[in-house]
Amino acid sequence: MAESRLHRLSLILLGVITVLGAVAFALIVRSGDEWVAVLLWAAAIAGMHHLSVPTPSGRRINLAIGPAVAAVILLPGTAAVMAAYSAGLVGGWVVLRRRSGDDRDSDYVAESISMLIFGLVASLMLTGLSGSSLPLAWVQLLSIAAGGVVWFVLRALVSAWVGIEREDLASRYLWLRSLEDWTVALSIFTAGALFGMTWPLMGIWAFPIAILPYAFGHLAFVRYHSTRVTYGQMIRALAQIPEVADLAPRGHSTRTADLAVSIAREIGLHPDDVIELEYAALMHDVGLITLTEPAILQAGYTDEDVALWGAQIIAEAPHLQEVSEYVRMQHSPFRRPGEATDPDVPMISKIIKVASAYDQAVYEMHLSPLEGLERIHRGSAYDFDPEVSASLRRVLVQRGVIAA
Amino acid sequence: MSRAAVQRQHRTKVRLAAGFGALGSVILAAVIWVPWQTFPNPLLWVLFAAAFVYFEWHSVEVNDRLYASPSIMILLAAAVIFGPESAIVGGTTMAALAVVTPIDIRRHDWFQPIVNFGQLVASAAAATTVLSLVLSIGVAPGTPVLDTGLLRIALGSALASIAYALVNYRMVLFIVSRVYGRMGVRPWSNMAQIMVPEIGMGFLGGLLGATYLTIGTAALPLIAVVFLAGYMAFESYARLREAQESTIRGFIKALEAKDRYTRGHTERVAYFAEMIGIQMGLDGTQLERLRWAALIHDVGKLAVPRELIRKRSRLTEEEYEAMQMHVHFVEDLLKDVDFLQPMVEIASNHHAHYDGNGYHGTGHEHGDTPSKEACILAVADTFDAITSTRSYRVALTQPYAYAELRRHAGTQFDPEVVEAFIEAMEDSGRSYGSKIERTDDEARDIAEEGLDEILETDQIVDRDLTPAPVAEGVDNG
């Protein structure tokens with residue numbers, strides 16, 4: 001859905017949450033429960049919207065769910081929990097307004113729906129199990145765990161749904177991407193549960209007990225994220241050696257990689273494969289560096305040679321074995337006349353082949369986008385995989401380069 | 001290394017292993033037999049021992065020379081739970097289990113496990129003894145641990161982790177200095193870096209133990225998750241970090257391999273630079289920066305036409321200019337890689353002279369003194385250039401390279417760096433370059449006559465490094 005529709009959705013949600021909060025507050029004031037504690041937890045939840053942690057999938061989870069987990073244990077009854085959550089989410093909406101970024105609406109929708117459902121599940125389970133023979137600590141732990149599973153799945157589903165609407169990405173891609181966040185989610189939930197369970201018995205010591213382990217994890221997540229970014233930057237840089245040496249047209253590898261990544265997400269490749277694809281597409285022409293060798297220029301070479309040289313260079317990096325294979329296969333035809341399709345050619349190589357050919361047509365032969373697409377379509381069935389060229393078409397329509 | 005030196009090292013190892021093995025056994029026997037220690041709850045002991053062994057085997061490299069393992073946290077959490085009357089025997093026996101690692105088994109290494117045994121048992125005994133003392137001084141015997149107060153537990157485990165780190169570190173230093181001589185040891189320079197996370201982990205370990213005592217068995221899954229989630233996060237970070245470095249190494253190696261005159265140059269320069277850095281006492285972060293700078297210092301040259309690199313005669317003025325441009329190729333190529341910016345600055349100044357002459361990178365003017373790291377890189381690069389065969393000159397001898405470095409010390413090179421390098425090189429006992437003495441002019445004449453058939457590669461002893469090309473057979477056929 002377009003940004004404006006998403007924004008409207010978040011406003012509607014905000015309205016619903018406000019009403020829910022009003023009802024819950026009316027309930028707790030009537031029953032005389034501790035509304036000061038409720039307000040304190042609401043403030044904690046609202047404030048934590050300001051902090052977020054990068055996840056392995058490259059997105060962020062905000063930390064508001066941490067105090068929310070502790071609040072379920074420490075507040076008496078479902079009404080109090082819902083009151084604290086609603087007030088916290090209204091405050092969180094205000095906090096998020098101050099943050100820049102185009103994904104705050106979609107994040108808010110996913111995070112607030114899943115938080116409310118988590119609160120409902122966990123606090124109902126807590127009340128239901130409190131009569132059983134289980135020790136209190138286990139009741140608390142089981143309720144948080146059950147609520148947490150519901151939270152995690154729901155959050156992945158909602159953000160996949162919002163993402164399809166927002167960016168036209170494949171649902172499979174988005175769903176798998178959200179599932180990668182489980183280590184981060186587990187760390188935040190553990191911190192919340194530790195706080196909730198230790199506060200009544202150990203007082204202020206609950207702070208170091210809950211926060212210290214999370215801080216170690218947080219540090220690692222942040223470092224992982226920044227290393228991931230610099231790793232990508234480094235591969236981008238290495239891929240440009242032929243361009244800096246004037247052996248390849250400037251910008252071709254970067255543009256090919258961007259287009260290839262869009263196609264892969266549209267098709268719904270696994271997020272890990274999308275990263276490999278990005279690296280392979282960036283480096284698909286790195287074999288051209290061999291052309292600084294005068295003897296080779298004299299002897300002549302083919303595209304397959306360049307692909308093979310590139311693959312040999314990349315294969316020296318122990319962690320890029322698969323990338324090397326994708327680069328080597330990038331010129332394999334989709335299907336030879338009279339033969340069945342070759343199942344050994346990986347999807348990633350086929351995508352690179354299409355993206356690179358399209359980029360060449362548009363930027364080197366100076367064809368229009370439509371003529372470039374036409375070229376790819378004519379080559380489909382033999383040179384190019386029809387599935388990939390159909391996806392290329394959809395990506396170009398989304399980008400507004402060609403008409404629908 | 002000579003035969004005698006190998007034998008000497010072997011004898012030292014045997015002596016050390018015997019000493020550490022005996023030490024470990026005595027401590028272990030003592031803690032088991034002392035009457036005031038009773039063995040803890042076996043079920044809990046098994047659980048914590050398994051966790052301790054697992055994490056002891058899977059330590060994570062956080063950054064250069066800093067391996068972190070959460071096992072100290074597990075040891076202290078367990079010690080708090082066992083209480084002062086069982087902590088020493090429980091903790092020390094746990095540690096004794098972790099001595100043989102899968103890597104040692106695969107390598108059939110006997111030395112490491114025996115030494116580990118002594119080291120781990122002594123460190124664990126020291127840590128648990130400190131904790132037990134703190135938990136029992138001024139407290140009536142038999143008081144539950146929790147009643148001594150959380151502050152006492154937390155501070156006691158922080159102190160215990162300091163004891164653990166001190167004993168452990170001292171012993172590692174002792175072993176390394178005995179077996180490997182001086183190389184690679186910089187006593188205490190990294191102590192603060194190691195101590196701070198260690199104290200934090202000890203503190204937290206004690207508190208987690210107290211958490212178990214307070215809320216019961218439900219704390220166990222939570223503690224397990226704390227360890228696993230934290231461990232996995234650090235582990236994937238460390239793996240990615242390693243991937244990053246091995247990627248650039250592999251890439252450069254592959255590109256260099258296309259030319260026999262540059263083959264292995266980068267790896268050797270990185271090795272020499274690190275050697276100088278250690279000799280001069282740089283810390284872990286500086287060493288890492290230096291190594292990266294060395295790895296990228298010639299990336300730009302990959303984009304220079306091969307005719308220039310292979311030219312047999314002296315380069316003309318214009319050609320020399322074109323060659324020097326590779327300094328700017330590095331800057332151009334790597335400008336978008338944020339974390340490499342400090343290294344790019346070092347690398348792009350490796351042709352700048354100590355006295356401010358020479359070829360500077362962008363942002364530096366004629367007359368600027370290059371940074372210490374750039375000076376180190378310049379010496380490492382020049383030494384490798386002199387001692388390996390280039391298209392225009394066959395390799396010269398190591399003494400010639402020393403003389404050449406000393407001759408230009410104070411002008412082209414930083415004299416301190418030159419002396420540190422020569423000292424470190426002599427200590428390492430390695431030798432590079434040709435064995436035949438020639439003057440620079442003779443070496444150039446030979447190259448100009450053509451040496452396609454006479455390249456031999458038998459000079460460098462380090463098996464991890466590609467040998468420098470040396471034209472050895474020129475005179476004796």
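The values are calculated or read from the model by the stated rules, or taken from the named source; none is laboratory data. Quick caveat: nothing in here was measured; it's all calculated off a predicted structure. Every residue, glycine among them, receives a Cβ derived from its backbone with ideal geometry; neighbour counts consider all protein chains shown.
Points worth noting:
- Matching residues, segment B:402-421, being under 19 Å from B:Asp440 (Cα atoms) and in contact with a strand residue (DSSP E or B) (Cβ under 8 Å, 6 or more places away or on another chain): B:Leu405, B:Gln412
- Scan segment B:209-218 for residues that are facing another protein chain (nearest Cβ under 7 Å) and aliphatic (A, V, I, L, M) and the total you get is 2.
- Test: residue in segment A:351-365 that is away from chain B (no Cβ under 14 Å), farther than 23 Å from A:Arg255 by Cβ and either loosely packed, with under 14 Cβ neighbours inside 10 Å or in contact (Cβ under 8 Å) with a residue 40 or more places away in the chain (or both): no
- Only residues that are surrounded by fewer than 21 Cβ atoms within 10 Å (Cβ to Cβ), modelled with pLDDT of 80 or more and at the interface with chain A (Cβ under 8 Å from one of its Cβ atoms) were counted across segment B:245-256, and they come to 3.
- Pairs meeting the criteria (first residue in segment A:282-294 and at pLDDT 85 or above, second residue basic (Lys, Arg), beta carbons under 6 Å, at least 6 apart or on different chains) are A:Leu282/A:Arg236.
- Looking across segment B:139-159, the residues that are over 15 Å from B:Ser86 (Cβ atoms) and in a loop (DSSP other than H, G, I, E, B) come down to B:Val139, B:Ala140, B:Gly149.
- Per-region count, segment B:257-286, residues within 14 Å of another protein chain (Cβ to nearest Cβ), part of a helix (DSSP H, G or I) and surrounded by 22 or more Cβ atoms within 10 Å (Cβ to Cβ): 1
- Selected residue (criterion: farthest from B:Met275 (Cα to Cα)) from residues of segment B:388-399 that are surrounded by fewer than 23 Cβ atoms within 10 Å (Cβ to Cβ) and in contact with a Gly (Cβ under 7 Å, 6 or more places away or on another chain): B:Thr397
- Of the residues in segment A:220-229, none is part of a helix (DSSP H, G or I), free of Cβ contacts under 8 Å to residues at least 40 places away in the same chain and more than 8 Å from chain B (Cβ to nearest Cβ).
- Filtering A:Ile211, A:Ile241, A:Ile204 for residues that are over 17 Å from A:Arg59 (Cβ atoms), of a type in the set (Val, Ile, Thr), more than 7 Å from chain B (Cβ to nearest Cβ) and in contact (Cβ under 8 Å) with a residue 12 or more places away in the chain leaves a single hit, A:Ile211.
- Taking segment A:86-181 and the helices (runs of 4 or more DSSP H) fully enclosed by it, the elements with 2 or more residues that are within 14 Å of chain B (Cβ to nearest Cβ) are at A:104-129, A:136-167.
- Selection from segment A:359-404 of residues that are among the charged types (D, E, K, R) and in a loop (DSSP other than H, G, I, E, B): A:Glu364, A:Asp383, A:Asp385, A:Arg399
- B:Tyr402 vs. criteria more than 24 Å from B:Asp283 (Cα to Cα), assigned by TED's automatic domain parsing to the domain that holds B:Met280, buried (at least 24 other Cβ atoms within 10 Å of the Cβ) and modelled with pLDDT of 75 or more: no
- Taking the criterion of being more than 8 Å from chain A (Cβ to nearest Cβ) and either buried (at least 19 other Cβ atoms within 10 Å of the Cβ) or at pLDDT below 80 (or both), the residues of segment B:229-244 that qualify are B:Tyr231, B:Ala238.
To keep it simple, each residue is scored yes or no on (1) among the basic types (Lys, Arg); (2) part of a helix (DSSP H, G or I); (3) modelled with pLDDT under 50.
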{"site": "B:Phe421", "(1), (2), (3)": "no, yes, no"}
{"site": "B:Ala424", "(1), (2), (3)": "no, yes, no"}
{"site": "B:Tyr432", "(1), (2), (3)": "no, no, no"}
{"site": "B:Lys435", "(1), (2), (3)": "yes, no, no"}
{"site": "B:Arg438", "(1), (2), (3)": "yes, no, no"}
{"site": "B:Asp458", "(1), (2), (3)": "no, no, yes"}
{"site": "B:Asp462", "(1), (2), (3)": "no, no, yes"}
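- Meets criteria (crowded, with 23+ Cβ neighbours inside 10 Å, over 26 Å from the mean Cα position of the chain (by Cα) and not assigned by TED's automatic domain parsing to the domain that holds A:Val274) for A:Ala87: yes
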